[in-house]
Amino acid sequence: MATIPLKLTIAQNDLLTIPEAQLTDSDGNPISVSADIVVFRMVNYQTGEVKVNNQTAQIVDDTHVQYVWQAGDTDTAGLYQAWFIISNGGLTNRFPPEGNFYILIVESL
């Protein structure tokens, strides 16, 4: 069984630890963010249910983006696959392009 490369593990309903990423090309070299729009999308890995649907993300600096959680985004435990989607001039790119940004939300005790 393959190991899933987690990028973030948080407890249910926690909102302070935010997902962020450095945007890189396929060789791992940082690329500059030049975008009209950056959004965040998160989907349950097992069910395919969309949990966060293209919500506005923030450009932190030339190569980094982040998403600030909203109420309800982290209320359901599970394994999620996530992307930052960059739109510029009508064209879009998903980061990471290989889709390996995973977030594990664990049940609160």
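The values are calculated or read from the model by the stated rules, or taken from the named source; none is laboratory data. Computed from a predicted structure; not experimentally measured. Here the Cβ is made from the backbone with ideal geometry for all residues, glycine too, and neighbour counts use every protein chain on show. Surface areas here come from the heavy atoms of the whole protein model, side chains and all, with no ligands, DNA or RNA. Shrake-Rupley method; radii C 1.70, N 1.55, O 1.52, S 1.80 Å.
What is the mean projected area of the alpha carbon convex hull for segment 1-95, to one decimal in square nanometres?
In nm², the orientation-averaged hull projection of segment 1-95 is 6.9.
Under 5 Å between amide hydrogens, which residues at least 5 positions from TYR45 or on another chain qualify, with H placed 1.01 Å from N in the peptide plane?
LEU79, TYR80, GLN81
Starting from the Cα of ASP62, move 7 Å in the Cα-to-Cβ direction to define the label point; list residues of segment 10-35 whose amide nitrogen is under 19 Å from there.
Correct set: 21-35.
Between GLY78, GLY89, GLY99, which gets the highest mean-square fluctuation from a Gaussian network model of the chain, Cα cutoff 10 Å?
Taking springs between Cα atoms under 10 Å, the residue moving most is GLY89.
Taking the Cβ of TYR80 as the centre, find all other residues whose Cβ is under 11 Å away and add up their charges (Lys, Arg: +1; Asp, Glu: -1). Mind showing how you got there, number by number?
Values: positive: LYS7, ARG41, LYS51; negative: GLU49, ASP73.
Every neighbour counted, the sum reads +1.
Principal axis extents for segment 47-109, Cα atoms only, whole Å, descending order, please.
Rounded to whole Å, the extents work out to 44, 22, 17 Å.
Once neighbouring chains are kept in place and the probe is 1.4 Å, which whole percent of the accessible area of the chain is contributed by carbon and sulfur? Each step should come with its number before you reach the end.
Numbers: 3110 of 6530 Å².
The value for the chain is 48 percent carbon and sulfur by accessible area.
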